[in-house]
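Notes follow once the structure below has been shown.
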Amino acid sequence: MSAVFERNALPAMQTSHCHTPLNNYRMGLLSVFFVCLFFSSAFAVDRGNFKTCDQSAFCKRQRAFKPGQSPYRALLETLELSDSRLTLQLINDNNKVHLLLELYRLQGNMTRVKINELKPLKPRFEVPDVLIAEPPTEPLSVLSKDDNGVVLSLGAESQRLIVSARPFRLDIMEGPEVLLSLNSRGLLAFEHLRLRKDTQAQPEGAEVKESVDGDQQQDEGKKDEDEESNKEEDGLWEETFKSHTDTKPNGPTSISLDFSLPGVEHVYGIPEHADDLKLKTTDGGDPYRLYNLDVFQYELYNPMALYGSIPVMLAHNTQRTMGIFWLNAAETWVDISSNTAGKTVFGKMLDFVQGSSEKPQTDVRWISESGIIDVFIMLGPKPSDVFSQYASLTGTQSFPPLASLGYHQCRWNYNDQEDVKSVDQGFDQHDIPYDFIWLDIEHADGKRYFTWDPHKFSQPKEMLQGLMDKKRKMVAIVDPHIKVDSGYKIHNEITSKDFYVKNKDGGNYEGWCWPGNSGYPDFTNPEMRAWWASMFAYDQYEGSMENLFTWNDMNEPSVFNGPEVTMHKDALHGKWEHRDIHNMYGLYVQMATAEGQIQRSGGAERPFVLTRAFFAGSQRFGAVWTGDNAAEWDHLKISIPMCLSLGLVGVSFCGADVGGFFKNPSTELLVRWYQTGAYQPFFRAHAHLDTTRREPWLFGPENTALIREAVRQRYALLPYWYQLFFQAYRTGMPVMRPLWVDYPKDTATFTIDDEFLIGSDLLVHPVTEEGSRGVTAYLPGAGEVWYDVHTFQKHNGAQNLYIPVTLSSIPVFQRGGSIIPRKDRVRRSSACMENDPYTLYVALSPKKFAEGKLYIDDGHSFNYDTKKEFIHRSLTFANNALTSSNLCPDCNFLTSSWIEKVLILGASKPSKVVLKMNGKETPVDFEFDSSMSVLTLRKPGMNAGDDWTLLLQ
Amino acid sequence: MTCLHLLLTLVFAVSLGTPVEIQRPRGVPLTKKQFYEESKPFTCLDGSRTIPFDRVNDDYCDCKDGSDEPGTAACPNGSFHCTNAGYRPMFIPSSRINDGICDCCDTTDEYNSGAKCENTCKELGRKEREVLQKMAEITKEGFLLKQQLIEEAKKGQQEKQSKVTDMQENKKQLDEKVEALRTVKETAEQPEKEAKERHLKAWEEQKAAIRLEKDKAKMAETFLELDDNEDGFVSVSELQSHAELDPDADGTLTEIEAQGLMGGAEQVDTSTFESVWPKIKDKYHSEVSREEADISLCLCVVQAQPTIKTPEKTHEDEEAMPPYDADTQALIDAAQKARDDFEEAEKALREMDDQIRNIEKELSFDFGPDAEFTYLYSQCYELTTSEYIYRLCPFNRVSQKPKYGGSETNLGTWGSWSGPENNKYLLMKYEQGTGCWQGPNRSTTVKLTCGKETVVTSTSEPSRCEYLMEFTTPAVCQEPANIDPSPHDHVEL
């Protein structure tokens, strides 16, 4: 759950006459103050609570600055080149401030561009802890140099980096093609640190002029006249939004830079936004905003900021995929424009017919409130290259415990231990598998995290043991706001260790959240994080056991009475302002929590931590979900592009609340959501406190059966999901992907976000329309085939296919040429399936070929990493032989799982099937269904870890 | 994998204390044993195909209906039968075979998983017998109580029915009485009305005479006041001293104006003043204080009205109607008595109506097939939890009140019986309670179970604003079966 005060403040106030006191009497403790303040918002976001670019002083200042001749000039005589680093000074001819440009050629076809003040008044913030290491460099060499600029070699593939001096710009070229240009539109703007002038005594047009350092001064006279009003608007040294004043002791510090992408019409990424996969142009509207916020009942299809931020954008065309990683944790806005955006298809055709010389181009501009410019240009060229390039910088998706890929049952709130028990039994009674049951904020004693309500959850270990007996697990919420209460151990320790974030005056920063008045631990402090991690030790976190995991909510951080429901920007984290680190607070919370879970097992067990706020690098610490959505069809639909966008920028473990958090879903919507969620990486049903109960069996036997079937499909495919997560962990490849990732040259795939791929081999088209009788799915791949997983019907690729649907399932296809291992014996939890046999689904390509992988380990420990205790096998079908070969000969892991069945789709009937193993040949029974061309091999029986070959003769 | 799969298992069943060995494939109930004959090929129970018998329980699913794998987890839709000797036999989904979790108390579901299961059937059987026995006792006693309740309810119902009949009879009489008294009342009120009107008219005339007297006295007094030189005439100049009489309200009373008031005369005597007086009396300010004037007036009145018995009374009482004369008073008293009698009778009738309506309402409730729930009517039952006092008033409402102060919340008013079709009297539904924020109105379902005592045993809020209350009452106790409940009855033979 979570979200903002409105949803809860109101009930809190009305406890006496409307809020059901039985399970929520504590809400009454919340202050009437903010309750009344926000009474008015009902359903749907209150946009007035959140800033537009116009209301964000630096964004307004920067955006007022239009493309043109850049005032920046490169001082070529200052060029210094070491082996892998080039430095050069830039000067702004308007104010004579010097900047320092640093260029690095990084291993793996990346370029890093850093721009900082040459001599800032004090250091500017540079984001730590996001990069997994200082990125390894490769030598740079100067190809040529003259008064106009420098040409550097980027190594292979005739790639060059051209530094132009007057005005300053950077171009990355490959052969004669410009891949990407920086400052080509002259929007580099770096507000240098300055001393505050006496604004009372001195009319200083100068300061207004300098407000954006690159500002051309054509309007100088006018500005002097308007100075009084401008000064107010500019908000250089102070800014007020909705009664919250941001004191800005450092004055204006914002930065901006533009990027031009010739030949690019499609850009993706920069989550989190509730918007389409393909980013839209922002001309005439607000830029996409990146500022982690607790947005109450967010709206769809707009660029407003949400709970998390990953400042990474991918650019794609049929020739190349590239990425821009803007490493900055301050409030950031991204403008996108395109020279083809306004054109209709007809207009584009006309251009083509008339031979218009205009090449499509996308221009992007990044604006951040503070810090430095630190950009990583990932040059691809393939999508998988960009993924591994980004992974080499910020790490890959953490490899989750197998059980966390199962189904999660959550609700705000399961009332008490009895309730937990009866829901657990409900799953058994209705024969629906699940792995995790979740407890929201009501489980704790007065929202004091790490504690249990003494009445409702008086025997947590008993409860956890009950779940463990069924091989199931639990997640309890631990939010980062800490109740200010001298009777609360956690608060007292944080206070005594002086670990709280400070307000601008140096006292502990306090704000309102669920428990009432709360402090916010300074998670940017490594000592604080180490202490926090230690709180998860079994002897510290009373009532915890090894099957208890954690959920970090409200870590934007959410501050009910703060500006935009978050922390004041002038709050202090050590010497840095909250302004500098805001977007990475949530990352640190999850980092410290995951570390705690690792430590409690002495480093043996994998953690599982869900977070709502995130930043670049958050993928290393667990799962994310898309926050407080609603039980509406459009919210089901938007879950696809939201998770796809996250997958593109490293976060594979993504999901949306199944059923929708706010409001009550219709039965049809709930069923469709289960069917969709079963094919998304993080599969959790969740519901708001005010909604009616919606455990899967509460909608009549028919719907229970539909939901059971959807969840079972998920469990049967767990071996495939697990293998994909292993791959994501190793390579950075997203688990849930847009089609274009696997079909980069097929332009028809570039905007598709109503269907998606799981790995390369499953294509899923959810049904997201009420009363739908059919969907049109695009099957990519000319010359390829796809098999309907429900009927085994074969379809050709590169076509739009209309598929009639009933309520029973959503269209899912397996790619011809793939092998997917499944465990078709679905049990009540994933752990119960550990030793079960596999069925291999071999879907043949038109050339009668298929390949796949099988990954097996213990499902929960780090032994796969530390001791190489896993099985990784390649499965190949070629020349009428299916072979399992070892991809990791020096690995060791024993499984009792075996191969019980092999289905070969698109096969012809053999006369004989033989299993070759250990030099012996044994015949294998088989059946052939000629109507669907499905060959079933009966019980070949080999151990899943063995080498073997099945020969069709 | 071809791990150990025991095709057959020995099953011990207890039948009349004699152990009997019966061979059949693992997981097959006795009732289906005949379909699994080792010597013959096996036909799936849905008839879909026939397979060699060695494929039964070979850990591979051949039959779509799962019937070839009753003892393994191979079929997704299979079911496994545990005999559970000493307890109740049961079917579990075959996905629970060898999943490491003990499901069957006889441990037969975990034969190859390494799970350490203990046979708990005897213990469970014993406990169940105890529970059943206890339940049986409760049911027995409860059922007896229920009979009493039914009897009482029937008696009560009959009583109420006859009471209603009696009351309706009484009501008829009352109706007649009311009508009779209405006539009496109306008859008595007519002369009363006439006498009162006469009295009122006389009083009005008397009041008019008094007013005239007063006016004359004031005129005379005014004349004396105005006649400053006491020459028996009021002259223009004497009148002019009273500026308030100025007809055009310009602040001065001119000679011409004064003369105009005096009808053109230079002076007037007491008799001609009578024609001037009406023109000035409304504006004229007396030269003596008002009190004095009033007192003098009062005295005049006293003199003029010697019949007034209380001359000391202030002038406010002066206009009080004189009491009715004895004849009128007698008529009034008679009419009042008739009215009182009538109203009393009417009130009695209304009360009777209310009583009849209440009893009829009570009789109209569905108190169960044998009226066994009648006794709950107009009763309330409370349960105190750590935070709240819950109150169930059957057929009326459910409420919740904070234990330590605070107002009561209505959790629903009586709606209907809402149990399953075969026995709707197992659940009560109370609806339309206090509304919830962004949610429905509160409602409560009361689940009734057999018990000797009538008591609320628990409350919960399984879903937002939807409460569940558990309530025991003898009224739902079913007639106990004649035979003693015993596990032997359940053990298959």
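The values are calculated or read from the model by the stated rules, or taken from the named source; none is laboratory data. As the structure is a computational prediction, the values presented were derived from the model and not from experiment. Glycine gets a Cβ as well: all are built from the backbone with ideal geometry, and neighbour counts include every protein chain shown.
Only one of these is within 14 Å of chain B (Cβ to nearest Cβ) and of a type in the set (K, R): A:R825, A:R815. Name it. Exactly one residue qualifies, and that residue is A:R825.
Across segment A:93-139, the number of residues qualifying as in contact (Cβ under 8 Å) with a residue 60 or more places away in the chain, out of contact with any Gly (no Cβ under 7 Å at 6 or more places or on another chain), surrounded by fewer than 16 Cβ atoms within 10 Å (Cβ to Cβ) and among the hydrophobic types (A, V, I, L, M, F, W, C) comes to 1.
Quickly run through segment A:501-537 and pick out the residues that are out of contact with any helix residue (DSSP H, G or I) (no Cβ under 6 Å at 6 or more places or on another chain) and of a type in the set (F, W, Y).
A:Y509, A:Y520, A:W531
Against the test of being in contact (Cβ under 8 Å) with a residue 12 or more places away in the chain, within 27 Å of A:G941 (Cα to Cα), away from chain B (no Cβ under 14 Å) and surrounded by fewer than 17 Cβ atoms within 10 Å (Cβ to Cβ), the options A:K848, A:K868, A:K853 yield a single qualifying residue, A:K868.
Of note, A:A777 satisfies the criterion of being small (G, A, S) and in a strand (DSSP E or B). Number of residues in segment B:75-101 that are more than 9 Å from chain A (Cβ to nearest Cβ) and over 18 Å from B:K33 (Cβ atoms): the value is 6. Does B:R357 meet the test of being modelled with pLDDT of 80 or more, of a type in the set (K, R) and buried (at least 16 other Cβ atoms within 10 Å of the Cβ)? Criteria not met by B:R357.
Checking each residue in segment B:228-273 for being of a type in the set (D, E, K, R) and under 14 Å from B:Y284 (Cα atoms) picks out B:E238, B:E244, B:D246. Scan segment A:856-865 for residues that are under 18 Å from A:M942 (Cβ atoms) and either in contact with a Gly (Cβ under 6 Å, 6 or more places away or on another chain) or part of a loop (DSSP other than H, G, I, E, B) (or both) and the total you get is 0. Each residue in segment A:692-716 was checked for being more than 11 Å from chain B (Cβ to nearest Cβ) and more than 11 Å from A:F427 (Cα to Cα), and 12 of them qualify.
Of all residues in segment A:778-802, those being surrounded by 18 or more Cβ atoms within 10 Å (Cβ to Cβ), out of contact with any Phe, Trp or Tyr (no Cβ under 9 Å at 6 or more places or on another chain) and farther than 23 Å from A:N880 by Cα number 1. Count of segment B:48-105 residues, restricted to those that are aromatic (F, W, Y) and within 57 Å of the chain's Cα centre (by Cα), is 3. Every listed requirement among (1) closer than 20 Å to A:Q425 by Cα; (2) within 14 Å of another protein chain (Cβ to nearest Cβ); (3) not in a helix (DSSP H, G or I) is met by B:E118 save one, (1).
Conditions tested, residue by residue: (1) within 14 Å of another protein chain (Cβ to nearest Cβ); (2) under 18 Å from B:Y467 (Cα atoms); (3) surrounded by fewer than 20 Cβ atoms within 10 Å (Cβ to Cβ); (4) modelled with pLDDT of 90 or more.
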| site | (1), (2), (3), (4) |
| --- | --- |
| B:S378 | no, no, yes, no |
| B:E382 | no, yes, yes, yes |
| B:I389 | yes, yes, yes, yes |
| B:L392 | no, yes, no, yes |
| B:Y404 | yes, no, yes, no |
| B:L426 | no, yes, yes, yes |
| B:G433 | yes, yes, no, yes |
| B:W437 | yes, yes, yes, no |
| B:T445 | yes, yes, no, yes |
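Restricting attention to segment A:421-440, the residues that are out of contact with any helix residue (DSSP H, G or I) (no Cβ under 7 Å at 6 or more places or on another chain) and in a loop (DSSP other than H, G, I, E, B) total 1. Taken residue by residue, segment A:818-827 has at least one member that is of a type in the set (V, I, T), touching a Leu at 6+ places or on another chain (Cβ under 6 Å) and not in a loop (DSSP other than H, G, I, E, B).
Of all residues in segment A:494-536, those that are surrounded by fewer than 18 Cβ atoms within 10 Å (Cβ to Cβ), of a type in the set (G, A, S) and under 28 Å from the mean Cα position of the chain (by Cα) total 2. Taken as a whole, the condition of being under 26 Å from A:D580 (Cβ atoms), modelled with pLDDT under 90 and either crowded, with 18+ Cβ neighbours inside 10 Å or not β-branched (V, I, T) (or both) applies to A:G214.
Within segment A:937-947, take every residue that is part of a strand (DSSP E or B) and more than 16 Å from A:Y855 (Cα to Cα) and give me the one that is farthest from the other protein chains (Cβ to nearest Cβ). Among those residues, the one meeting the criterion is A:L937. Would it be correct to say that A:I899 is more than 35 Å from the chain's Cα centre (by Cα) and within 14 Å of chain B (Cβ to nearest Cβ)? Spelling it out, A:I899 is indeed more than 35 Å from the chain's Cα centre (by Cα) and within 14 Å of chain B (Cβ to nearest Cβ). For the structure I just gave you, tell me whether A:G919 is away from chain B (no Cβ under 11 Å), small (G, A, S) and under 26 Å from A:C832 (Cβ atoms). No, not satisfied.
Taking strands (runs of 3 or more DSSP E) as the structural unit, those lying wholly within segment A:89-196 and holding at least 2 residues that are among the acidic types (D, E) correspond to A:169-174. None of A:L903, A:L894 is out of contact with any Asp or Glu (no Cβ under 7 Å at 6 or more places or on another chain) and crowded, with 17+ Cβ neighbours inside 10 Å except A:L903. For segment A:563-672, the helices (runs of 4 or more DSSP H) that sit wholly inside it and include 1 or more residues that are within 23 Å of A:L405 (Cα to Cα), touching a residue at least 12 places away in the same chain (Cβ under 8 Å) and of a type in the set (G, A, S) are A:585-600, A:633-648. Filtered by the rule that a residue be among the hydrophobic types (A, V, I, L, M, F, W, C) and either in contact (Cβ under 8 Å) with a residue 60 or more places away in the chain or surrounded by 13 or more Cβ atoms within 10 Å (Cβ to Cβ) (or both), segment B:189-223 gives B:A195, B:L200, B:A202, B:W203, B:I210, B:A217, B:M219, B:A220, B:F223.
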